[in-house]
Amino acid sequence: MGKEFFCRDPVLVAVDLLGKLLVSETTGARVSGMVVETEAYLGVNDRASHGYGWKRRKGSWPLFEDCGLTYVYPVHGKPLLNVTTAPPKEPTAVLIRALEPVEGVEIMAKLRRIEIRGERDLRKLCSGPARLAQALGIGLEHNGLDLSKGPIYFEEYRKPERVLTSRRVGVEYAGAFKDLPLRFLMDSPFVSRKP
DNA sequence: TGTGCGATGTCCT
DNA sequence: GGACATCGCACAT
C-alpha cells in the first residue's frame, strides 16, 4: 500500500486495513500475517490518543510528522505497532491489534520463543498487539519508518466479508471517548479477544 | 531521585 | 475469570 492509503481518516484506514497482509522483513526473511483487528485513535480530542491535547511524549514524533509512518511505542515494556494517518502532522493513528499468521510461522515462533504443537497454538503467535510486534521482529528501533518503502509494509490480500466493531481495549480512563466503536475486527479466531 | 501505572501477556484455577 | 510479572516513561518530589 502506498502513502495515499494511509493519508485518510483513521477510521477509514482502520477498516480498510482489515484483510490486508502486514509484511515484515526486519530479520532478513519475509514474515507476514493478515490483519484481523485494528483500533483507531483520533488525535487531539481523543483522551486515549498519545496526541491528546497536542501533548508529546518520548518517541511520538511520527504522529506529528507525517501520515504513512510507523509509530512504535512500549506498553508494559513491550513494543506496539501503529501506523500514522491523516491529516498529516495531526496525531491520528491506527493500532494493529491482531494478525492471522500467513508466511514464516517457524520464524514467528522462534521470535516469540514458543513452540507450536497444534493448529490451536497458532493463535498464540499474533493475537495481541505486543505479540504480533514480537512475532514480526518489530521493536522500538523501527519507529518512524516509511510504510511505502520497507522493511515493514502492507499488501493487498483479502476483502473481509463483514466488519465487526466494539469499544477499544484498555482505555477506561478515556472519558467520553472510551465507549466509541473504534475497534474493528474480522470474524476470525485470530482476534485478541471476542468483541 | 522516587513513584505509579499502562493501547499487555502469561500462568494458574 | 483472576493474579501478577514487568519496564519504560510521565510526573511528582
Exercise. A:GLU90: touching a residue at least 40 places away in the same chain (Cβ under 8 Å) and either away from DNA strand C (no atom under 16 Å from the Cβ) or in a loop (DSSP other than H, G, I, E, B) (or both), yes or no?
Worked result: yes
Problem set entry | Subset tally (residues that are more than 15 Å from DNA strand C (Cβ to nearest atom) and either open to solvent by 90 Å² or more (accessible area, probe 1.4 Å) or on the phi > 0 side of the Ramachandran plot (or both)) for the stretch A:67-86 | 1
Exercise. With (1) within 16 Å of DNA strand C (Cβ to nearest atom); (2) open to solvent by less than 30 Å² (accessible area, probe 1.4 Å); (3) in contact with a strand residue (DSSP E or B) (Cβ under 6 Å, 6 or more places away or on another chain) as the list, and A:LEU125 as the residue in question, which single condition is left unmet?
Worked result: (1)
For this session: State the number of residues belonging to the stretch A:128-157 that are part of a helix (DSSP H, G or I), of a type in the set (A, V, I, L, M, F, W, C) and surrounded by fewer than 22 Cβ atoms within 10 Å (Cβ to Cβ).
Result: 2
For this session: Kindly establish whether A:GLY19 is at positive phi, touching a residue at least 12 places away in the same chain (Cβ under 8 Å) and open to solvent by less than 20 Å² (accessible area, probe 1.4 Å).
Result: yes
Seminar exercise, completed: Just one listed residue, out of A:GLY53, A:GLY59, is without any contact (Cβ under 8 Å) to a residue 12 or more places away in the chain and not in a strand (DSSP E or B), and it is A:GLY53
Exercise. Can you find even one residue in the stretch A:96-108 that is in a loop (DSSP other than H, G, I, E, B) and either on the phi > 0 side of the Ramachandran plot or open to solvent by less than 30 Å² (accessible area, probe 1.4 Å) (or both)?
Worked result: yes
Problem set entry | Those residues of the stretch A:75-87 which are assigned to a strand (DSSP E or B) and farther than 12 Å from A:HIS50 by Cβ, in sequence order | A:LYS78, A:PRO79, A:LEU81, A:VAL83
Exercise. Taking only pairs six or more apart or across chains, which ones have beta-carbon atoms under 8 Å, a first residue in the stretch A:106-117 that is touching a residue at least 12 places away in the same chain (Cβ under 8 Å), and a second residue that is hydroxyl-bearing (Ser, Thr, Tyr)?
Worked result: A:ILE107/A:THR27; A:LEU111/A:THR27
For this session: Return yes when A:ARG120 is exposed (fewer than 14 other Cβ atoms within 10 Å of the Cβ), more than 9 Å from DNA strand B (Cβ to nearest atom) and either within 17 Å of the chain's Cα centre (by Cα) or not in a helix (DSSP H, G or I) (or both) and no when it is not.
Result: no
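The values are calculated or read from the model by the stated rules, or taken from the named source; none is laboratory data. Note that the structure is predicted; figures quoted are calculated from it, not measured. So basically every Cβ, Gly included, is an ideal-geometry build from the backbone, and we count neighbours across all protein chains shown. These area figures cover heavy atoms from the full protein model, side chains too; ligands, DNA and RNA do not enter into them. Shrake-Rupley method; radii C 1.70, N 1.55, O 1.52, S 1.80 Å.
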